[in-house]
Structures are given as C-alpha cells and as structure tokens.
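Below is one structure, written out as structure tokens, with a few remarks after it.
The values are calculated or read from the model by the stated rules, or taken from the named source; none is laboratory data. Computed from a predicted model, the values in this text were never measured in an experiment. Ideal geometry is used to build each Cβ from the backbone, glycine not excepted, and the neighbour counts take in all protein chains shown.
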Amino acid sequence: MATKAKERTETTASLPIPVEKMKQLYAMMLRCRTMEERARILYKQSRFSGNYYAAIGQEAIEVGAAIDLRPSDCVAPSHRDFIAGLIKGVPLKSLFSQLYARKTSPDQGRSSPAHGGYAPLNIITPASTIAAQWNIGTGVALALKMQKKDDITMAFCGEGATSLGFWHEAVNFAAVLQLPIVYVVQNNRWAESVNIKYQMRNEDVATRAAGYGIPGISVDGQDVVAVYRVVQEAIERARKGGGPTLVECKSYRWFGHSEIDPAKYRDAEEVEFWHTQRDPIPLTEEYMRKHGVWSDEEKQQVLDAFNKDLEEAIQFAENAPWPEPVEALDHVYSFSIRERALELDRKTWTPQALKKM
Amino acid sequence: MALVTYIDAINMALHEEMKRDERIYVLGEDVAVMGGAFRATKDLLQDFGPMRVIDSPLAEGIIVSSSIGAAMAGMRPVPEIQFSDFITPAFDAITQQAAKLRYRSAGSQTCPFTLRVCYGGGVSGGLYHSQTNTTWFAHEPGLRVIAPSTPYDAKGMLKAAIRDDNPVIYFEHKKLYRSIKEDIPTDDYVCDLDKCAVRREGSDLTAVSYGYTMHLMLQAAEKMQQQHGINVECIDLRTLNPIDYATILDSVAKTSRLVIVQEDHRTLGIGSEIAAIAAEQAFDCLDAPIMRVTAPDVPAIPFSKPLEEFYMPTVDKIMAVMEKSAQY
C-alpha cells in the first residue's frame, strides 16, 4: 500500500505549489532553525536547565505538515516537536517561558523543556512516555468526529515509537472508526542510540499502514514541498471523512537524542553527509533559485524580524517570575488540595472522651 | 422508588446521564451489541445509537487513552474495562496521562471521564477474573477512585462521577451486581464523592471497609452486638482517593479502636494508608493497635474453591479481629 513519493524534481518547470506558499514554507523553516539553534546555545550556557531535544535538520517535516493547520485543529507533539508550537502560532514568549520553566509558561513551570503544549491552539501538552500523545490525539479525533466538525488531529512521533504496542492500538482504532487524523512519523533513523535496523525489519514504516487498511506513504522528509503536498492530501481526506493516513517522512537526526548525548555511536561520515548534502534549508534555497523565486533580501528580512522577536522573548523569559513553591500543590484536581495537604501534616485528633472531661 | 439490583442501578445511571447530556458516550469491549459482559450497558445501543455506544477493538490501552483525548476535546466519555484484571494495558494511559494531564498543563487541559471497572473476587473467577487492584490507582494523585457498595451509591456515585471534572475510576464489584437489592429513587440524584458514609453508628470500635467486604463488615458488626455486646461503628469508605480521613478520625476519636477490612492483599493496601493516617493524627485516641483484615500477600485469587475461601475475608475472620481489638 505504501508508495514512494516522486524524486525531487530538478527541472525548471513551474512550481508545484504557489510561490507564496513556497516562501512561507521556507521562511518558517528558517525561523524554526534559528529558534532551535538559539535554544541549544542557551541550554549549553546553562541559561535553562533540564534538557533540549532539537529537530534541527528535520524542519521540512514539521513545517511542511503543519503549516496550513487551523487554530482549531489539534496537534499531538512528541518531545522533539517544540517547533510545532512556533508553526502553529504560539507566542515566542510562551515558548521560551516553557524552556525556562517560569510562571509565565503555558504549564506554569511543570513540564520539562520542549514538552510544550498550548491549549488555546489545541496543542496537547505531551508526556515523555513515547507515543502517548499519538493515542490521546486519536481520542481528540474521535471527539471531532462525534461533534461533526471538519477539524482534524495531526499526531507526530519518531520511528522508535512505532515499536510500541499502543502505537498500533491507536492506528487500528482510528482505522476502524475512520477518524479524522493524520499520523506523521518522523523517521530520523535513530531512537536515542538505537539504529532503525534494530528497530524494525521492514524498510518503510509506511508499509505498516497496510496492516490497518489505511493509506500509507513514504516521503522524502528533507523536501518540504513533497511533505507539504503529501500531507495536504492526507489532511483533505481526513476533513472529508476519509479516515486516517500514515505518512512516513524519511529524515535524519542531526545531533544526539538530546543535548546531553554526544551521539558517539554514529558514523561520522553518515552524519556529515546529512549535514552537508541533505539539509532541507539550502536544498529549498537551491530549488527556489532554480525557479527564479529566490531573494537574498527576503531571507534577511525574515531573519532580522525573527531575531528581534527572539531576543525579546528570551529577555522576557529570563526576567519572568518563577512559580511560587507552594504552587507544586496546584492543578492536581478541579478543586484545591492545598488545605488538605497542609492539614495532613499538622492536624491531630484528640479522644472525644477527654474533650468531655 | 424502585427495588433494583446494583447492576440495574448502574444501567439506570447510564441511561439517565446519556439522556441528560449528549456529550456522554460509552466505549468498551462488548458494551454495544451485547450490552456488556454483565449487561451493565444493556439497551444503551438501541436508545442512543452506534455513535454513542461503541464496541471497541480489544485494546484496553486505546479504550482509555482515546477517552482522555475525547474528554480533552469536550466529550464526557464513560469507557469500560470488562475485568479489572485486564486493566494493565491501559496503565500508561491511566497513571501517566489521565492522572497527570491537568497537572502537567497547569489546568489548561483536562480529561473528565469515568472509567467503569468491574472488579472483585468471591465469584470463582480465578486468578484473572477476580482481582481487586484498586490500590494501584488510589496511589495516583490526580485520579478520583471510587467504589460504591450499595445500589443507591452505584447510581448516585456514577452520576456524580460522570459530572465530575476529574478523571474518575469507578470500581464496581461483580459479586454485588445481582446479590443485593435496594429501593432507590427512579429520578435524578447524585452522591457526594468527597465523603465516607457511616453505615452503622457505634461507640466501641470503628471499622472501615468498601465494596463487597463492606457488607461482610456490617454483618460482623451485627453479630458482635448480639454475641458480645460490642457496638461497632461501620464506615463505608466509598472514595479511595482522595480519602475522607476526617470522618474516619472523628469516629476513631469516639471509639478509640480501628479495624480496617479490605479484599485487596495486605501490603500497601488501602488499609495501610488509613492506618498510617490514624497513627499519625489520632495516636492519642487509640486504646488498641490498629488492626487489619485483608487477603494474604499472594499474587492473585486462586480458583479452586477452598483456596478462594482461604483468600477472601469472611464474617468470621472479621469478627475475630474485631474481638481482638475490643479485648486489647
């Protein structure tokens, strides 16, 4: 059932998508790259703690897939999808507050850096348990179908997640109930230190779709136009009641699993190849040049504007208040447990008989 | 009023709530066409149709995790786990997702669903159709864990759970399904999920239990009165998390003795927590050590009749411990 996307075209034929969309995709990839490079530096400078999971080098996937989502569409991100927030329109100040674990973050300093959700734009606050958001996003799609809306869920995961039992439970469930969801697997060939050859026997993750009777397609995850076109088709199908699609985007994880992983388990030549030959941003630039729609000035304008916003957001986060310690007791239930928790520490009962004396 | 069984009360609550609120749907194995393995969801399909009464694939993980997502998106799911023994594939969904979603999103994303779980022994169900694993979930802040013991509560607590803004695990005891009847209102009412119920007033000893063993505790209390003149106050725990410790400690302050009865095995059961709270906060009130009647620490309820009987708490076992406490 899985089919390969067409090889990237090198002809000078007209663009397969409108010029403005092409520019929008490129500009968003550039912003994602700029933001994540900055986040990595800030982490290495210990400006925020915890960890960071960069999707640098994989931007074409997330940008191509999510660029046209509506605010009312749900995104189910994994730990490596921090840029989903930027693409969907989360304010940079919120995003950096999340990295800095400040009171001003959407989760008020609770979740680990890069595990960012945002309720106003229907981005699920993710857990670290792999493929959890894949399942919850499937439930959101069930609600959307029941509510007869034409919104959809877009769920992201890596290829490692596809080994988990409940990854399969979710896809089968969505297939049986024909739910409006687009499953996007970012196959970056490395699940922490485990290479894909130890993860699965089959070459393409997308072939797994056949087992559930849904369309599955593998696409070059470094080609933002290819991802865009394939995912647009899947989104359209989902909105019209045609059920789920499994899209596999073939890519490569540029750095370690996280910033504390030097990834010494990898072949340096392989890493070098993906960095120098398969970087989606220069590839897109080159493609745009060939089609005569490239402009150095526009690139600079995008960067200048974004860097200004980025600086403001970082300053905002660095100066933002920390949560009050006792807030650790909040948001456990719909009711407050503060009084109860404190009372359990200090209140004692005396015998009723003594009280009467 | 109508004289109904425990399972009829559950079915009545589901019908009433689904009629009241279109956001409510039922999802689980065999819940639709068959109306549930025990018929708890009987006639729901014919009354509410296949979009609201769904026979799910055989996959507990997605039964619960899809309910989390749907609840987050505005629905009020009432998923079912057919036997609590089969709840483990949904463990991540329940403990890592449902219990933590509100917390990890600082209240901006929540999942108010009611997971009905059929549990409990004493029915010759064997190792994997008898377990009382309520404590696994009572240990998780963020979850409300409730276990009604009467038809009145079965209806009123289920309705309250469905309307509650928290994820609720509703444990329904299969031995109670058709073994007890009670006159309950046929119109709308809800129970308070924050409170224990004092089922029998007493002055000499406080006993606490829930579910099926709550009834054994009551029978033991009557016999203690008749045979020994000992007046036992019986508290039905009803909510296993968060526990209404004030009602229990008020009673201990009155009686000075505490016996906890649980169908679950001993180590780190709900009785352990109640005992710890009483020891910490009502130490001066106690005239005897806190005592427990529990199942033994074996992995599950064995099938063969004598083995199961040895495992389960009984009226005699409970009376023996009540006597020991009273005589201390």
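Numbers for the structure displayed
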| read-out | value |
| --- | --- |
| A:A141, sole failed condition from (1) under 22 Å from A:R40 (Cα atoms); (2) at pLDDT 95 or above | (1) |
| Total residues in region B:45-61, condition in contact (Cβ under 8 Å) with a residue 12 or more places away in the chain, touching a helix residue (DSSP H, G or I) at 6+ places or on another chain (Cβ under 7 Å) and outside any strand (DSSP E or B) | 8 |
| Failed condition for B:K42, given (1) part of a loop (DSSP other than H, G, I, E, B); (2) touching a residue at least 12 places away in the same chain (Cβ under 8 Å); (3) facing chain A (nearest Cβ under 10 Å); (4) surrounded by fewer than 20 Cβ atoms within 10 Å (Cβ to Cβ) | (3) |
| Top-ranked residue in region A:100-119 [being basic (K, R) and over 12 Å from B:S108 (Cβ atoms); ranked as farthest from the other protein chains (Cβ to nearest Cβ)] | A:R102 |
| Of all residues in region A:111-126 being within 25 Å of A:V326 (Cβ to Cβ) and modelled with pLDDT under 95, the one that is surrounded by the most Cβ atoms within 10 Å (Cβ to Cβ) | A:G116 |
| Hits in region A:312-357 - residues which are under 26 Å from the mean Cα position of the chain (by Cα) and at the interface with chain B (Cβ under 8 Å from one of its Cβ atoms) | A:H331, A:V332 |
| Residue in region A:145-167 that is within 8 Å of chain B (Cβ to nearest Cβ), farther than 20 Å from A:R208 by Cα and either outside any loop (DSSP other than H, G, I, E, B) or touching a Leu at 6+ places or on another chain (Cβ under 7 Å) (or both) present | yes |
| Test: residue in region B:230-239 that is surrounded by fewer than 21 Cβ atoms within 10 Å (Cβ to Cβ) and either within 14 Å of chain A (Cβ to nearest Cβ) or farther than 28 Å from B:G125 by Cα (or both) | yes |
| Residue in region A:66-76 that is without any contact (Cβ under 8 Å) to a residue 40 or more places away in the chain and closer than 16 Å to B:I62 by Cα present | no |
| Hey, A:K93 of a type in the set (K, R) and without any contact (Cβ under 8 Å) to a residue 60 or more places away in the chain or not | no |
| Yes/no for A:F306 being under 27 Å from the mean Cα position of the chain (by Cα), away from every other protein chain (no Cβ under 14 Å) and assigned to a helix (DSSP H, G or I) | yes |
| Considering residues of region A:28-83 that are at positive phi and in contact with a Ser or Thr (Cβ under 8 Å, 6 or more places away or on another chain) only, the residue surrounded by the most Cβ atoms within 10 Å (Cβ to Cβ) | A:G57 |
| In region A:125-144, the residues that are in a loop (DSSP other than H, G, I, E, B) and at the interface with another protein chain (Cβ under 7 Å from one of its Cβ atoms) | A:T125, A:A127, A:T129 |
| Residue list for region B:240-268, filter: basic (K, R) and more than 14 Å from every other protein chain (Cβ to nearest Cβ) | B:R266 |
| Within region B:278-310, tally of residues that are surrounded by 18 or more Cβ atoms within 10 Å (Cβ to Cβ) and over 19 Å from the mean Cα position of the chain (by Cα) | 8 |
| Filtered residues of region B:163-176 (kept if more than 14 Å from chain A (Cβ to nearest Cβ) and surrounded by 22 or more Cβ atoms within 10 Å (Cβ to Cβ)) | B:Y170, B:F171, B:E172, B:H173, B:K174, B:L176 |
| Criterion violated by A:S334 - all others in (1) part of a helix (DSSP H, G or I); (2) surrounded by fewer than 16 Cβ atoms within 10 Å (Cβ to Cβ) satisfied | (1) |
| Residue in region B:190-213 that is assigned to a helix (DSSP H, G or I), under 26 Å from B:H139 (Cα atoms) and not β-branched (V, I, T) present | yes |
| Residue among B:V145, B:V208 that alone is within 14 Å of chain A (Cβ to nearest Cβ), among the β-branched types (V, I, T) and either within 15 Å of the chain's Cα centre (by Cα) or closer than 27 Å to B:E323 by Cβ (or both) | B:V145 |
| Boolean, A:Q186 is in a loop (DSSP other than H, G, I, E, B), within 23 Å of A:A27 (Cβ to Cβ) and more than 14 Å from chain B (Cβ to nearest Cβ) | no |
| Wholly within region B:73-182, helices (runs of 4 or more DSSP H) carrying at least 1 residues that are farther than 17 Å from B:D264 by Cβ and touching a residue at least 60 places away in the same chain (Cβ under 8 Å) | B:99-104, B:151-163 |
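Residue-wise test of (1) under 17 Å from B:G120 (Cβ atoms); (2) of a type outside the set (S, T, Y).
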residue	(1), (2)
B:E222	no, yes
B:D244	no, yes
B:T247	no, no
B:G269	yes, yes
B:I274	no, yes
B:A279	no, yes
B:P296	yes, yes
B:I318	yes, yes
B:A326	no, yes
